[in-house]
Amino acid sequence: MFAVLKTGGKQYRVQSGDVLRVEKLAATAGETVQFNDVLMVGSTVGAPLVDGAAVQAEVLDQIKGVKTIHFVKRRRKHGSKRTKGHRQQLTVLRITDILESGADSTGVKVAVGAGSVGGVAVAAAEPAPKASAKAEAPAAEAKADDLKKLSGVGPALEKKLHDAGVTSFAQIAAWTEADIAEMNEKLSFKGRIEREGWVDQAKELAQG
């Protein structure tokens, strides 16, 4: 039996025993993770996901992909040119099981991208009492970084990022190519993230 799963903005057709590389997940070698975004299992097609279906996989390794070169040249009398290399961080997986139902009660760690908050697939339970907004606000403010330290970011751009839920250098440092494309589209940055090198700057700033 095969399944089609979605992770890192890409789709993969897999079956038990397959080894594949996906964009980096928040997991370590030896762990078992579960993908709940399953678009198809056998002849069952989701709308858009197959309810209760999941794909489980063992994490084999965390690696870096082949270096890609990004070259920009401006055709002007005193034009500039810039060359930048990038190696995408990847996770190597072996597919161990394909579930047609019961995904919510397996107890296996849910596969999430690096920098995201993960969880465990468990049966639905009573929601925990929510803390008051007044109690949460100081904690949220304490974690916010001064995003204006990034090249080309002023108060207006910082507000746009905050409105999109981006408040720390760690979040930006963990952006994948898919995340960058999404933010460029969502906030109309038109390639500014790559031009200004926000991800590299955020990595340095996050380290203090």
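Among the residues of segment 33-59, those that are out of contact with any Ser or Thr (no Cβ under 7 Å at 6 or more places or on another chain), part of a strand (DSSP E or B) and surrounded by fewer than 18 Cβ atoms within 10 Å (Cβ to Cβ) comprise Thr44, Val45.
Given the options Leu39, Leu60, name the one that is over 18 Å from the mean Cα position of the chain (by Cα), under 21 Å from Thr176 (Cα atoms) and at pLDDT 90 or above.
Details: Leu39 fails: under 21 Å from Thr176 (Cα atoms).
Unique residue meeting the criteria: Leu60.
Restricting attention to segment 155-168, the residues that are surrounded by fewer than 10 Cβ atoms within 10 Å (Cβ to Cβ) and over 21 Å from Glu185 (Cβ atoms) total 1.
When you scan segment 91-196 for helices (runs of 4 or more DSSP H) that lie fully inside it, which ones turn up with 3 or more residues that are at pLDDT 75 or above and not basic (Lys, Arg)?
Working: elements: 133-143, 155-163, 169-173, 177-187, 192-196.
Counting at least 3 such residues, we get 155-163, 169-173, 177-187, 192-196.
If you scan segment 1-31, which residues turn out to be polar (S, T, N, Q) and buried (at least 18 other Cβ atoms within 10 Å of the Cβ)? Result: Thr7, single match.
What are the pairs, 6+ residues apart or on separate chains, where a residue within segment 92-116 that is free of Cβ contacts under 8 Å to residues at least 40 places away in the same chain has its Cβ under 9 Å from a residue that is surrounded by 15 or more Cβ atoms within 10 Å (Cβ to Cβ) and of a type in the set (Gly, Ala, Ser)? Cβ pairs passing all conditions: Ser105/Ala121; Gly107/Ala121. Out of Arg75, Arg13, one residue alone is of a type in the set (Lys, Arg), free of Cβ contacts under 8 Å to residues at least 12 places away in the same chain and not in a loop (DSSP other than H, G, I, E, B). It is Arg13.
The values are calculated or read from the model by the stated rules, or taken from the named source; none is laboratory data. Note that the coordinates shown come from a computational prediction; the quantities given were computed from them, not determined experimentally. Please note: Cβ atoms are built from the backbone with ideal geometry, for glycine as well, and neighbour counts cover all protein chains shown.
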